[in-house]
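Note sheet for the following structure.
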Amino acid sequence: MNPSDPHPPASEPTPRRIEARPSDVGGIVLRRAVPSRALRSVGAWCFLDHAGPAQFAPGQGMHVGPHPHIGLQTFTWMIEGELMHRDSLGSEQLIRAGQVNLMTAGRGIVHSEDQVGDGGALHAAQMWIALPDAERERAPAFQHYPELPLIERDGVTITLLVGEVLGERSPVQVFTPLVGLDLATRREAQTTLPLAPAFEHAVLVLRGSATVAGEALQPGTLLDLGRGRSSVAMQLAADSQMLLLGGEPFGPAPLLWWNFVARTQAEIEQALADWNSGSARFGAVPGAGSARLVAPPLAGLRLKAGR
Ligand code: MN
């Protein structure tokens with residue numbers, strides 16, 4: 001497929017099932033659904049971790065020490081529990097269920113994330129949004145969105161995380177055409193949602209189960225819906241929750257290494273050197289609750305750009 005082609009395919013693509021890979025970050029087991037060998041990104045959504053649901057014993061919790069980012073926005077969607085975000089701009093922000101933290105790394109930022117309280121539940125999704133070339137060097141920024149637009153449709157509660165749907169628009173500031181929806185049910189429900197045919201889309205069940213475009217899904221399986229759909233039919237079981245992400249094809253897939261999103265290996269090497277030397281490019285996180293993360297060695301890694 002040619003990403004610069006403004007005309008989407010004439011027929012709907014066959015959905016593809018992609019298994020998320022288990023990983024461990026900061027003491028919590030999570031499933032990494034994007035990127036994978038099969039799917040480098042969905043629009044500019046270039047990373048999707050589904051963390052939990054986990055139940056921590058008293059005195060335990062998720063703690064991710066200060067670490068750097070470049071070239072992306074981190075998008076944190078809380079489902080259950082509370083996290084404290086701190087960053088090198090001096091931001092200190094508690095995030096609760098139903099809220100979004102959006103951190104725009106631009107040329108460089110450092111942040112830490114610590115579970116709040118004594119043990120308890122934690123369930124969240126963290127996505128990264130690759131910044132387009134014109135915005136990659138912008139100054140870092142942090143925004144907290146305590147409330148997002150809610151839409152009730154056929155028994156499905158839609159939280160509009162990013163972009164536009166059904167005449168509503170999200171306040172979340174992004175730099176490429178994107179959509180992000182959280183779909184939640186209390187009782188079994190079915191609906192059909194309009195989609196932008198120029199976007200590529202994917203869905204991931206976070207809780208419960210769903211059938212989307214004829215495919216039965218549970219947590220751990222991403223369904224790649226491809227590009228060229230004008231709608232998608234879905235059925236959600238009772239007490240279920242699902243993410244739907246989409247966007248215009250980003251073009252050549254961005255280069256991801258550790259917490260960096262770039263275009264060339266030289267940019268990654270420079271960011272790594274700046275982090276390891278304690279450069280003012282990144283700075284420090286005031287009040288961080290745990291130790292600064294050490295970058296893995298770059299040597300021996302084969303970096304691949306493009307699809
Ligand atoms: Mn991070």
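Only the coordinates and a few stated rules stand behind these numbers; no lab work does. Everything quoted here is computed from the prediction, not taken from an experiment. Positions of Cβ are generated from backbone atoms using ideal geometry, with glycine treated the same way; all protein chains shown enter the neighbour counts.
Below are the figures for this structure:
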read-out	value
Karplus 3J(HN,Hα) series, Hz, for region 168-185 with 6.51 cos²θ - 1.76 cosθ + 1.60 (x for Gly, Pro)	9, 10, 7, x, 5, 8, 10, 10, 9, x, 9, 9, x, 10, 9, 10, 10, 10
Gain on full stretching of the segment that runs from Thr191 to Glu147 - 0.36 nm per residue minus C-alpha separation	13.5 nm
Label point distance in nm, Asp274-Ser23, each placed 7 Å from Cα along Cα→Cβ	2.2 nm
Three principal axis lengths of region 226-274 [C-alpha, angstrom, descending]	49, 28, 10
Under 5 Å, built H, 5+ apart or other chain: amide partners of Ala97	Gly81
FRET efficiency for Glu168 and Asp133, using Cβ-Cβ distance with R0 set to 30 Å, rounded to 0.05	0.50
Region 100-259, relative contact order in percent, only Cα pairs under 8 angstrom and at least six apart counted	21 percent
Peptides 18-29, 63-74 ordered by average Cβ neighbours within 10 Å, highest first	63-74, 18-29
Average Cα contact separation per residue, the chain, under 8 Å, 6 or more apart, as relative contact order %	22 percent
Ellipsoid equivalent to the chain - semi-axes via the Cα gyration tensor, in Å	30, 24, 17
Once the Cα gyration tensor of region 1-122 is diagonalised, semi-axes √(5λ) in Å	31, 19, 12
Whole-number percent relative contact order across region 77-131, with pairs defined as alpha carbons under 8 Å at least 6 apart	46 percent
Label-zone membership for region 234-253, site Thr211, 7 angstrom Cα→C-beta point, backbone N under 16 Å	234-238
Vicinal HN-Hα couplings computed from phi for region 131-147 (Karplus, 6.51 cos²θ - 1.76 cosθ + 1.60; Hz; Gly/Pro x)	7, x, 3, 5, 10, 5, 9, 5, 5, x, 8, 9, 9, 10, 10, x, 9
Net dipole in debye of the chain [+1 Lys, Arg Cβ; -1 Asp, Glu Cβ; about Cα centre; nearest 20]	700 debye
Residues whose placed amide H lies under 5 Å from that of Gly119, excluding near-sequence neighbours	Gly59, Gln60
Alpha carbon centroid spacing (whole Å) that separates region 168-204 from region 44-119	22 Å
Selected from Ala130, Ala105, Ala237 as most flexible by GNM, with the chain as the system and alpha-carbon contacts under 10 Å	Ala237
Spatial extent of region 184-271: Rg and Dmax, with the Cα atoms as the point set, Å	16.5, 51
Stretchable slack from Arg292 to Ser36, in nm (0.36 nm times residue separation minus alpha-carbon distance)	89.4 nm
